[in-house]
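S.K.: Quick one: structure below, then a few questions.
The values are calculated or read from the model by the stated rules, or taken from the named source; none is laboratory data. In this text the structure is predicted, and so the values were computed from the model without any measurement. Neighbour counts are summed over all protein chains in view; Cβ atoms, including those assigned to glycine, are modelled from backbone coordinates with ideal geometry. All accessible areas refer to the heavy atoms of the entire protein, side chains included, with ligands and DNA or RNA removed. Shrake-Rupley method; radii C 1.70, N 1.55, O 1.52, S 1.80 Å.
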Amino acid sequence: FLCVRRALVHKYRAAFTSALGSICADLIFGCVAIFGLTSVYGFFMREQHSIRFIGGLMLLYVGIKTFFEIEPDRILGIKKYEHVGNFASTFLLTVTNPVQIITLPIVFAAIGTHIRPEHYGDAFFFFIGLAAGSILCWTVLIGIAALFRQHIREHHFRLINRISGSMIVGTGLYILLGLILK
């Protein structure tokens with residue numbers, strides 16, 4: 001939601017730096033799955049409640065901020081230093097996402113990585129394929145969203161902020177309620 005919204009509200013570059021944060025977090029989980037870093041995976045599993053709590057709070061913050069953002073001057077572009085913030089926000093949201101922590105290694109186990117033991121070339125090419133696929137997917141997704149940017153007016157931006165903010169808050173609440181109801 002966040003990257004597509006940034007493609008619609010800001011410029012393509014803002015959305016792409018946001019997507020890079022998500023891509024880097026995915027690659028970290030990819031390394032954990034590829035190289036069988038059981039200690040790292042074990043840490044994420046042991047600390048998943050804390051990680052989920054932090055991720056849920058972050059989603060609430062970002063969602064509420066998004067919902068109420070209506071500054072038209074920000075719609076025209078972003079400041080240079082915001083690229084670091086865009087990257088960091090999506091990186092932290094992705095790396096604290098409990099779905100990512102649990103499902104990526106399961107998906108790799110289910111489909112198979114075809115990485116032979118002690119063949120680091122296999123792991124390297126799998127990692128490169130994972131990175132290339134993720135970059136391609138995000139480039140296409142935010143590119144399509146950016147195409148619609150020209151046709152969106154200020155009142156549309158407010159609606160986009162309300163919808164995406166509500167969805168982000170809903171996701172944060174879902175994660176936090178899941179912790180409470182366990």
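S.K.: Looking for whichever is at pLDDT below 85 and hydrophobic (A, V, I, L, M, F, W, C) here; the options are Ile142, Ile152, Ile163. Which one fits?
M.R.: Working: Ile142 fails: at pLDDT below 85; Ile163 fails: at pLDDT below 85.
It is Ile152.
S.K.: Condition first: more than 23 Å from Phe91 (Cβ to Cβ) and in a helix (DSSP H, G or I). Now tell me which residues in region 128-165 satisfy that.
M.R.: Here is the first cut: in region 128-165, the residues more than 23 Å from Phe91 (Cβ to Cβ) are 147-159, 162-163.
The answer is Leu147, Phe148, Arg149, Glu154, His155, His156, Phe157, Arg158, Leu159, Arg162, Ile163.
S.K.: So the check is Cβ under 8 Å with 6+ separation or different chains; which pairs have a first residue in region 48-59 that's surrounded by fewer than 18 Cβ atoms within 10 Å (Cβ to Cβ) and a second one that's assigned to a helix (DSSP H, G or I) and among the hydrophobic types (A, V, I, L, M, F, W, C)?
M.R.: Gln48/Ile101; Gln48/Ile102; His49/Leu179; Phe53/Leu176; Phe53/Leu179; Leu57/Leu176
S.K.: Okay, moving on. Among the residues of region 67-90, is any open to solvent by 40 Å² or more (accessible area, probe 1.4 Å), closer than 30 Å to Tyr120 by Cα, part of a helix (DSSP H, G or I) and at pLDDT below 80?
M.R.: No, every residue in region 67-90 fails to be open to solvent by 40 Å² or more (accessible area, probe 1.4 Å), closer than 30 Å to Tyr120 by Cα, part of a helix (DSSP H, G or I) and at pLDDT below 80.
S.K.: Being modelled with pLDDT under 65, polar (S, T, N, Q) and over 30 Å from Lys11 (Cβ atoms): is that true of Thr103 here? Talk me through it step by step, then tell me what you get.
M.R.: On the way: modelled with pLDDT under 65: no; polar (S, T, N, Q): yes; over 30 Å from Lys11 (Cβ atoms): yes.
For Thr103, the condition - modelled with pLDDT under 65, polar (S, T, N, Q) and over 30 Å from Lys11 (Cβ atoms) - is not met.
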